[in-house]
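Here, each number is a calculation from the coordinates, and none is a lab measurement. Predicted model, so just to flag it, every value in this text is computed and none were measured. Glycine gets a Cβ as well: all are built from the backbone with ideal geometry, and neighbour counts include every protein chain shown.
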């Protein structure tokens, strides 16, 4: 008496089963397609109401330099002790 062990499904088998299911019921593709269309053309989400807009745009100015070559609010190497 021999005992046969069931074979595990491979990646190719799983993908083939997925395509077979879509071929049996093509209307199932409507759900993700309609969701994508809604997300593309529907209401736009923004972080501005959460206060993220000030944080996102506020970090751009920190890399600007003044005419002396120093960042705003920072003293240069020879500026110690000067008032």
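Odds and ends about this structure:
- Protection proxy ranking, peptides 23-36, 2-15, average beta carbon neighbours within 10 Å, highest first: 23-36, 2-15
- Mean shadow area of the stretch 3-49, taken as a quarter of the surface of its Cα convex hull (nm²): 6.6
- Here the spin labels are modelled as points 7 Å beyond Cα on the Cα-Cβ line, and at residue 33 and residue 1 they lie 5.3 nm apart.
- Computed lengthening from residue 24 to residue 40, 0.36 nm per intervening residue step minus Cα-Cα distance: 2.9 nm
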